[in-house]
1. Which is without any contact (Cβ under 8 Å) to a residue 40 or more places away in the chain and of a type outside the set (D, E), of I121, I132?
2. Scanning segment 62-78 for residues that are open to solvent by 20 Å² or more (accessible area, probe 1.4 Å) and modelled with pLDDT under 95, which turns out farthest from the chain's Cα centre (by Cα)?
3. Could you identify the single residue in N83, N100, N138 that is open to solvent by 70 Å² or more (accessible area, probe 1.4 Å), more than 14 Å from the chain's Cα centre (by Cα) and over 16 Å from I48 (Cα atoms)?
4. Is at least one residue of segment 17-35 in contact with a Phe, Trp or Tyr (Cβ under 9 Å, 6 or more places away or on another chain) and under 25 Å from F143 (Cβ atoms)?
5. Of the conditions (1) open to solvent by less than 30 Å² (accessible area, probe 1.4 Å); (2) under 24 Å from T149 (Cβ atoms), L8 satisfies every one except a single condition; which number is it?
6. Pairs under 8 Å by beta carbon, first residue hydrophobic (A, V, I, L, M, F, W, C) in segment 43-67, partner open to solvent by 80 Å² or more (accessible area, probe 1.4 Å) and part of a strand (DSSP E or B), six or more apart or different chains?
7. Kindly provide the set of residues from segment 111-135 that are over 26 Å from N82 (Cβ atoms) and open to solvent by less than 30 Å² (accessible area, probe 1.4 Å), ordered by number.
Amino acid sequence: DLNIKGKLNILSGMLVLNGHDLNLAATSSFESGPTGSIKSSSPSNITIECATRLTGPLRFNANGHEVDDFTVNTTGVVVIENNLTVSKFDLVKGKIAISNGTLHIPTVTDRTLFSPDRYIITVPTGALGQAINPVNSNKDSAFYPIGTTTQYLPMKVVTTSQHSLLKANVSPGVPDGSPAGKDMALTRPVVNATWALNGDNAINGSMETTW
């Protein structure tokens, strides 16, 4: 296992975990360059506790972006630049920002595990993905603890359709559909946010948003 108490800089090249764990202690710092990446498979665990000393995103290799236990316990924001699939997800403290790609986590049903100080940012083009598997046409639900950089704007989805990956995103503003993409929230009394839901097949259900 790799236990970091000082600096970890991945400026270029690739850090291959090869089934081992990566632990960034509270005393550590992390920096990534434009081509530095991590390659991980599901036996590996990643724990991030390094306060606010995170410079640059976590970037995972396209052929190795699976983590068993992914734990974040920091006062800062952990930025993930591309796809990441985790088997167990624990956001103890802090925020995670998915700047691009999808963070695929186990289905969340307990909204009390998250708060305005502890959620997943999906700006500008990131998404949070979960599986929803209703049995015998019964309803199933998932809670999406998502938001923008400044607002916690979670969403609950209830559906009778099965999805191996149902992705949700929220972004600030309300585009008016014009080519210029004017923000209606600047001139009209509407909620200043836009939620998007994208499934691997037709979505048959409802969504409940909070602001």
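The values are calculated or read from the model by the stated rules, or taken from the named source; none is laboratory data. Computed from a predicted structure; not experimentally measured. Cβ atoms come from the backbone with ideal geometry, glycine included; neighbour counts cover every protein chain shown. SASA here: full protein model, heavy atoms, side chains in, ligands and nucleic acids out. Shrake-Rupley method; radii C 1.70, N 1.55, O 1.52, S 1.80 Å.
1. Only one candidate qualifies: I132.
2. Pass one, segment 62-78, residues open to solvent by 20 Å² or more (accessible area, probe 1.4 Å): 62-63, 65-66, 68-69, 71, 73, 75, 77.
The next check asks that each one be modelled with pLDDT under 95; those that pass are 62-63, 75, 77.
Values: A62: 17, N63: 19, T75: 16, V77: 11 Å.
Out of the qualifying residues, it is N63.
3. On the way: N83 fails: more than 14 Å from the chain's Cα centre (by Cα); N100 fails: more than 14 Å from the chain's Cα centre (by Cα).
None of the others qualify; the one that does is N138.
4. Going through segment 17-35, the residues in contact with a Phe, Trp or Tyr (Cβ under 9 Å, 6 or more places away or on another chain) turn out to be 24.
When the remaining residues are screened for being under 25 Å from F143 (Cβ atoms), the result is none.
For segment 17-35, residues in contact with a Phe, Trp or Tyr (Cβ under 9 Å, 6 or more places away or on another chain) and under 25 Å from F143 (Cβ atoms): absent.
5. (2)
6. A51/T75
7. Answer for segment 111-135, where residues must be over 26 Å from N82 (Cβ atoms) and open to solvent by less than 30 Å² (accessible area, probe 1.4 Å): just P134.
A quick yes/no check of all residues on (1) closer than 17 Å to N9 by Cβ; (2) under 17 Å from the mean Cα position of the chain (by Cα); (3) surrounded by fewer than 17 Cβ atoms within 10 Å (Cβ to Cβ):
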position: S37; (1), (2), (3): yes, no, no
position: N45; (1), (2), (3): no, yes, no
position: T55; (1), (2), (3): yes, no, yes
position: L91; (1), (2), (3): no, yes, no
